[in-house]
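Engineer: Before we start, here is the structure in question, set down as structure tokens.
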Amino acid sequence: MPGAVRAVVFDLDGVLIDSLAVAREAFALAYAEVVGDGVAPVDEYCRHPGRYLPEVLRMMGLPAAMADPFVRESNRLAHRVVPLPGAADLLGQLRRQGVALAVATGRSGARARHVLDLVGLLPLVDQVVGSDEVSRPKPAPDIVLRALELVGVAPADALMVGDAPADLASARAAGVVAVAALWGESDPQALRAAGPDVALARIDELLPLCAPPAGGHRGSPPDTPGPPPIPGTTPPIHRPMG
């Protein structure tokens, strides 16, 4: 563990928000629209949490054209997404402790910021990075490193919290402590088998790992250049939406 945790990078779906039912329905509708008759392989799709949708479609041998209707239907159903119990309280407490907060997600950046805004969590995070805003999505380290770059914190001083093996692999490759969110969408046994540095059963168990040092809350590091980044923004790299 870092001596003092200065930043936490979160995956989004299953970690901060409950979106699985919406994702399953959007996938089934996109499959019916593009592929046609037959049973949509929704369960197989759900075995690839944390990954960028175009990559998942390639891995499953499905048409890339499914991405657009999936995004459309996900946006149409987004009002059904809710924050996970305790997520807002956790983010608020970490902010009060001076911990920088970022979201690094398999969604596109625009979709991630939209759903975070809908559920009221966007004002509680400093930065949001989507898989279309980095060169390589998870399990590559790019998205975690970009999030930390935006909040001005070194990997050695940060945690990454995710509920998928791809999240943990991304964290390890970035040199960040990999925290498994066992409350998420992956099978807990499979997530433990992925070799996290820390495994937590409940979202509130993260707070003790980020307790401020003796003597008070953390402030901004003195060597952080310039003003803080604008919350929830990062320049996009144009890739297919997902």
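Engineer: Hey, among 35, 22, which residue is in contact with a helix residue (DSSP H, G or I) (Cβ under 8 Å, 6 or more places away or on another chain) and open to solvent by less than 30 Å² (accessible area, probe 1.4 Å)?
Structural biologist: Criteria check complete, one pass: 22.
Engineer: Given the criteria touching a residue at least 12 places away in the same chain (Cβ under 8 Å), open to solvent by less than 10 Å² (accessible area, probe 1.4 Å) and on the phi > 0 side of the Ramachandran plot, does residue 14 qualify?
Structural biologist: Yes; evaluated as a whole, the condition is true for this residue.
Engineer: Right, another one. Kindly state which helices (runs of 4 or more DSSP H) lie completely within segment 20-74 and contain at least 1 residues that are touching an Asp or Glu at 6+ places or on another chain (Cβ under 8 Å) and within 23 Å of residue 136 (Cα to Cα).
Structural biologist: 20-34, 53-60
Engineer: Let me ask something else about it. Can you pull out the residues in segment 59-105 that are touching a strand residue (DSSP E or B) at 6+ places or on another chain (Cβ under 8 Å), of a type outside the set (A, V, I, L, M) and in contact (Cβ under 8 Å) with a residue 40 or more places away in the chain?
Structural biologist: Listed by number, the residues that qualify are 83, 105.
Engineer: Something else about it: Filter segment 75-95 for residues that are assigned to a helix (DSSP H, G or I) and more than 25 Å from residue 134 (Cα to Cα) and give the result.
Structural biologist: Result: 76, 79, 80, 87, 88, 89, 90, 92, 93, 94, 95.
Engineer: Just to be sure I understand the filter: pairs with C-beta atoms under 7 Å, separated by 6 or more residues or on different chains, first member in segment 106-124 and in contact (Cβ under 8 Å) with a residue 60 or more places away in the chain, second member basic (Lys, Arg) and part of a helix (DSSP H, G or I). Which pairs pass?
Structural biologist: 122/113
Engineer: Now a separate question. So which residues in segment 28-58 are over 17 Å from residue 108 (Cα atoms) and touching a residue at least 60 places away in the same chain (Cβ under 8 Å)?
Structural biologist: 46
Engineer: Would you check if there is a residue in segment 45-61 being over 17 Å from the mean Cα position of the chain (by Cα), at negative phi and surrounded by 20 or more Cβ atoms within 10 Å (Cβ to Cβ)?
Structural biologist: So far as segment 45-61 goes, yes, one or more of its residues are over 17 Å from the mean Cα position of the chain (by Cα), at negative phi and surrounded by 20 or more Cβ atoms within 10 Å (Cβ to Cβ).
Engineer: A follow-up question, please. Do you know which residues across segment 155-165 are in contact (Cβ under 8 Å) with a residue 24 or more places away in the chain and open to solvent by 10 Å² or more (accessible area, probe 1.4 Å)?
Structural biologist: 156, 157, 165
Engineer: Also: Which residues, counting only those in segment 99-153, are in a helix (DSSP H, G or I) and over 21 Å from residue 78 (Cβ atoms)?
Structural biologist: Selection gives 142, 143, 144, 145, 146, 147, 148, 149, 150, 151.
The values are calculated or read from the model by the stated rules, or taken from the named source; none is laboratory data. Just so it is clear, the structure is predicted and the values come from calculations on it, not from any experiment. Cβ sites come from the backbone with ideal geometry, for glycine too, and all protein chains shown count toward neighbours. Heads up: the accessible areas ignore ligands, DNA and RNA and are worked out on the full protein's heavy atoms, side chains in. Shrake-Rupley method; radii C 1.70, N 1.55, O 1.52, S 1.80 Å.
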